[in-house]
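Read the structure below first, then the notes.
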Amino acid sequence: MKDGHRRSFVKTISYRFSSTILTAVIVFIFTRHFTLSLGVGAAEWIFKSLWYYFHERMWNWYKWGKH
């Protein structure tokens, strides 16, 4: 059974949201610069969201591990 495009998109958004918050918090802990933390979080959100979506879609090509 394959995930549809909509499901992959929603999974992408939910995963990226939580991961971006974590990244921004880590950057803030190390730098104590709120603006830098937001900038890194924003860039990370955009680039890693695209990467995750395409990664997820590539995995749908393989039957390995599916029942």
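The values are calculated or read from the model by the stated rules, or taken from the named source; none is laboratory data. The structure presented is a predicted model; accordingly, all values stated were derived computationally and were not measured. Glycine gets a Cβ as well: all are built from the backbone with ideal geometry, and neighbour counts include every protein chain shown. Just so you know, the surface numbers come from the protein's heavy atoms only, side chains and all, with ligands and any DNA or RNA stripped out. Shrake-Rupley method; radii C 1.70, N 1.55, O 1.52, S 1.80 Å.
Calculate what fraction, in whole %, of the accessible area of the range 1-66 sits on carbon and sulfur atoms when a 1.4 Å probe is rolled over the protein chains.
Working: 4050 of 5450 Å².
Carbon and sulfur atoms account for 74 percent of the accessible area of the range 1-66.
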How many Å² of accessible area per residue for the chain, probe 1.4 Å? 84 Å²
In nm, to one decimal, how far is the F17 label point from the H55 one, both placed 7 Å along Cα→Cβ? 2.0 nm
Taking only Cα atoms, what is the 0 to 90° angle, nearest 10, from helix 5-31's long axis to the longest principal axis of the chain? 20 degrees
Once the principal axes of the Cα atoms of the chain are found, what is the range along each, listed largest first in whole angstroms? 47, 19, 14
